[in-house]
Amino acid sequence: MALPQSSPARNDRRHRIVLAASQMFAARAYVEVQMDDLARAAEVAKPTIYRYFKSKEDLFLEALDGTMNDLVGEVSQVAENPGPAAEVLRHMVGAALRSFASCSAAIRALDGTDAALGERGRAMLRRRAKQIREAFATVLDRGIVEGAFRPLDSEIVSRAILGAVRMTSHAEENPSDSRGLETLVDLLLNGLTVASCANRG
């Protein structure tokens, strides 16, 4: 009689499947990712994937949720930095830009016509986006107390920042390069008017 597989072996196999899925869904459109390709990339048999995930959709959502969870952890950690709020905000925007850019293909899939995929995925994205906004709002509130930021509604501003980051990350050119980051941070911190630019110093 065969002994049951050890938990570490099962966990490693599952991790490899999710990692392969994260990479493929980030690079290709949802409909272009085939389970056969995923199995080869994860170095498992195709039926093995279905032992861990009922469907391609379940695997897609877990992979994307893992990426978003990593982003939440990164921006939350940066938010705890005791440095000046403006510099902390800059690092948070950079982290968010890089992360959204790395999974833009997957996020676009949630904006498509697949109602079931979109409904479940959007619920997950809303939950993660709320966590990210809360981290941004914490730093915005701190900047207001420091006198670095104007006393605007941090909830609304955090929504605007996250929206700007997401739209910038979907740009056709490299969205996470330094030019994109610096432009977005400059806009957030200094606005568009010449007067606000003149008052930077």
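Within the range 49-60, can one find any residue that is open to solvent by 30 Å² or more (accessible area, probe 1.4 Å), more than 17 Å from ALA109 (Cβ to Cβ) and in contact (Cβ under 8 Å) with a residue 40 or more places away in the chain? No, the range 49-60 contains no residue that is open to solvent by 30 Å² or more (accessible area, probe 1.4 Å), more than 17 Å from ALA109 (Cβ to Cβ) and in contact (Cβ under 8 Å) with a residue 40 or more places away in the chain. Of all residues in the range 36-72, those that are of a type outside the set (A, V, I, L, M), within 22 Å of ARG120 (Cα to Cα) and assigned to a helix (DSSP H, G or I) total 13. Under the condition of being free of Cβ contacts under 8 Å to residues at least 24 places away in the same chain and assigned to a helix (DSSP H, G or I), the residues counted in the range 144-166 number 8. Residues considered: ARG90, ARG98. Of these, the only one that is modelled with pLDDT of 90 or more, open to solvent by 20 Å² or more (accessible area, probe 1.4 Å) and at negative phi is ARG90. Close contacts from the range 75-93, counting a first residue that is closer than 13 Å to ALA137 by Cα and a second that is modelled with pLDDT of 95 or more and open to solvent by 40 Å² or more (accessible area, probe 1.4 Å), with Cβ to Cβ under 7 Å and a gap of 6+ residues or different chains, come to ALA79/THR138; ALA85/ARG142. Hey, among ASP141, ASP186, which residue is at pLDDT 95 or above, part of a helix (DSSP H, G or I) and either surrounded by fewer than 19 Cβ atoms within 10 Å (Cβ to Cβ) or touching a Gly at 6+ places or on another chain (Cβ under 8 Å) (or both)? From the options ASP141, ASP186, the qualifying one is ASP141. Within the range 15-35, if we keep just the residues that are outside any helix (DSSP H, G or I) and open to solvent by 30 Å² or more (accessible area, probe 1.4 Å), the residue that is nearest to ALA123 (Cα to Cα) turns out to be ALA29. Just to be sure before I move on: is SER196 open to solvent by 10 Å² or more (accessible area, probe 1.4 Å), in a helix (DSSP H, G or I), modelled with pLDDT under 80 and not hydrophobic (A, V, I, L, M, F, W, C) in the structure I sent? Taking the combined requirement at face value, the residue satisfies it. Taken as a whole, the condition of being acidic (Asp, Glu), at positive phi and either open to solvent by 60 Å² or more (accessible area, probe 1.4 Å) or touching a helix residue (DSSP H, G or I) at 6+ places or on another chain (Cβ under 7 Å) (or both) applies to GLU43. Annotation note: of ARG28, ARG133, ARG40, ARG108, the sole residue that is under 13 Å from the mean Cα position of the chain (by Cα), over 21 Å from SER158 (Cβ atoms) and among the basic types (Lys, Arg) is ARG108.
Contact map, the range 116-139: residues that are polar (S, T, N, Q) paired with residues that are at pLDDT 90 or above and part of a helix (DSSP H, G or I), Cβ distance under 8 Å, separation 6+ or inter-chain. Pairs shown: GLN131/VAL72; GLN131/SER76; THR138/ALA79. Residues in the range 73-87 that are part of a helix (DSSP H, G or I) and open to solvent by 30 Å² or more (accessible area, probe 1.4 Å): GLY73, GLU74, SER76, GLN77, VAL78, ALA86, GLU87.
The values are calculated or read from the model by the stated rules, or taken from the named source; none is laboratory data. Small disclaimer: the values here were computed from a predicted structure and weren't measured. Reconstructed Cβ throughout: ideal geometry from the backbone, glycine too, with neighbour counts over all protein chains shown. We work out accessible area using only protein heavy atoms, side chains counted, and drop any ligands, DNA or RNA first. Shrake-Rupley method; radii C 1.70, N 1.55, O 1.52, S 1.80 Å.
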